[in-house]
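The structure appears below as structure tokens.
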Amino acid sequence: MAVVGVGALGQHHARVFADLAGVELVGVCDANADRAAEVAARHGIRALSGLDDVATAADAVSVAVPTVDHHPVARRLLERGRDVLLEKPMTTTLAEADDLIALAENRKLILQIGHIERFNPAAEILRREVRGPRFIEVHRLGAFSPRSLDVDVVLDLMIHDLDIILSLDGSDVVQVDAVGVPVLTDKVDIANARLRFRSGLIANLTASRVSGDKVRKFRVFAPRTYISADFAAREAQVSRLDVGDGMPRILVERSTAPDEEPLRHQLAAFAAAVRDRTVPAVPGAAGRRALALALQVLERMRES
């Protein structure tokens, strides 16, 4: 395994791969050669000089470069026959996403998209417990950070929750209403979107990267069931209406796994898909669907 892009996020990819059973981290690569050398020295591995060097050294590659570079970097590695884990958002355009998906399929290569919240224990509880959701309320708020300012808050933060909602409801989105404003940058820094799905599900999402407190709350209302998930605490509380004995009562179950690092689960899943040649947990098609909805939200903002 190799990692391309070892900035704020990619350095953690290298850290996890260096300690992951069944994986040999052979090198890292970054546009900043000094940064690559620093991270390589940290793990006692090579600082690779470019994508061809990466493709020669590794069987599979984790790509954590700025979003604008996702398509050209991933494409070059796929052309060289390497399996790729590509950070979210998958690409900047749907045409770029389609190109990568087609290339990976044609070469029979693994293309996994880095929607890390899929591997959060709280999300696993949602997928296990949610049946027929009717209303979803999401708040994903964070303090300002210079990281990921090449994209707006929808592609930076909200796309996490769009992906999870799409994994819970397989129907098409039939209506999108959205507003967003720039605050500290020239891109949208705080946004709200209201989605209506063909199934009848309504989802209301708020994302901000200019908030004082870090909030990662995901609430689902379904028939006789309410689930409150906290992605920051990696826990969820499931409340159910029980009428089994004729006397209605609320049963509450809390699940928590604060010590389970989602990134480790994500990278282990990628390594397993590469090793076993199986469909990845978050394939290119899922990354494309989340990207398409995020771009639809942004388009609606521009129209409002």
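Only residues that are in contact with a Gly (Cβ under 7 Å, 6 or more places away or on another chain) and part of a strand (DSSP E or B): list them for region 178-191, please. Lay out the reasoning, then the answer.
The initial filter retains those residues of region 178-191 that are in contact with a Gly (Cβ under 7 Å, 6 or more places away or on another chain), namely 188, 190-191.
Scanning region 178-191 gives 190, 191.
Quick test for you: out of 20, 103, 94, pick the one residue that is in contact with a helix residue (DSSP H, G or I) (Cβ under 9 Å, 6 or more places away or on another chain) and either more than 20 Å from residue 289 (Cα to Cα) or in the same structural domain as residue 152 (by TED's automatic domain parsing) (or both). It would help to see each step written out before you state the result.
Details: 103 fails: either more than 20 Å from residue 289 (Cα to Cα) or in the same structural domain as residue 152 (by TED's automatic domain parsing) (or both); 94 fails: either more than 20 Å from residue 289 (Cα to Cα) or in the same structural domain as residue 152 (by TED's automatic domain parsing) (or both).
Going through 20, 103, 94 in turn, just one is in contact with a helix residue (DSSP H, G or I) (Cβ under 9 Å, 6 or more places away or on another chain) and either more than 20 Å from residue 289 (Cα to Cα) or in the same structural domain as residue 152 (by TED's automatic domain parsing) (or both): 20.
Within region 200-255, how many residues turn out to be loosely packed, with under 14 Cβ neighbours inside 10 Å and either within 26 Å of residue 154 (Cβ to Cβ) or not assigned by TED's automatic domain parsing to the domain that holds residue 149 (or both)?
4
Mind listing just one residue for me: the one in region 8-22 that is among the small types (Gly, Ala, Ser) and surrounded by fewer than 16 Cβ atoms within 10 Å (Cβ to Cβ) and, of those, nearest to residue 47 (Cα to Cα)? Step through it out loud before you land on a result.
Taking region 8-22 and keeping what is among the small types (Gly, Ala, Ser), we get 8, 10, 14, 18, 21-22.
In the following step, the residues that additionally are surrounded by fewer than 16 Cβ atoms within 10 Å (Cβ to Cβ) were identified as 8, 21-22.
On the way: 8: 17, 21: 22, 22: 21 Å.
The extreme case among them is 8.
Just to check your reading of the model, which residue among 166, 149 is modelled with pLDDT under 95 and under 25 Å from residue 70 (Cα atoms)?
149
Inspect all residues belonging to region 271-278 and state whether any of them is at pLDDT 95 or above, within 16 Å of residue 167 (Cα to Cα), loosely packed, with under 15 Cβ neighbours inside 10 Å and of a type outside the set (S, T, N, Q).
no
Name the one entry in 288, 300 that is under 17 Å from the mean Cα position of the chain (by Cα) and surrounded by 16 or more Cβ atoms within 10 Å (Cβ to Cβ). Even if it seems obvious, please write down each step before you answer.
Details: 300 fails: under 17 Å from the mean Cα position of the chain (by Cα).
Answer to the check: 288.
Out of the residues in region 21-59 that are in a strand (DSSP E or B) and touching a residue at least 24 places away in the same chain (Cβ under 8 Å), which is farthest from residue 267 (Cα to Cα)? Spell out the reasoning first.
So the first thing to find is which residues in region 21-59 are in a strand (DSSP E or B), and the list is 27-29, 46-47.
Retained after the next criterion (residues that are touching a residue at least 24 places away in the same chain (Cβ under 8 Å)): 27-29.
Working: 27: 16, 28: 15, 29: 18 Å.
So, considering only residues that are in a strand (DSSP E or B) and touching a residue at least 24 places away in the same chain (Cβ under 8 Å), the one farthest from residue 267 (Cα to Cα) is 29.
Of all residues being in contact (Cβ under 8 Å) with a residue 40 or more places away in the chain and surrounded by 15 or more Cβ atoms within 10 Å (Cβ to Cβ) in region 178-188, which is nearest to residue 299 (Cα to Cα)? Just the residue, please. I'd like the intermediate steps shown before the answer.
Step one: filter region 178-188 for residues in contact (Cβ under 8 Å) with a residue 40 or more places away in the chain, giving 178-180, 184, 188.
Next cut, surrounded by 15 or more Cβ atoms within 10 Å (Cβ to Cβ) only: 178, 180, 188.
Working: 178: 9, 180: 11, 188: 12 Å.
So the residue we want is 178.
The values are calculated or read from the model by the stated rules, or taken from the named source; none is laboratory data. All values reported here derive from a predicted model rather than from experimental measurement. For neighbour counting, all protein chains shown are included, and Cβ atoms are generated from backbone atoms with ideal geometry for every residue, glycine included.
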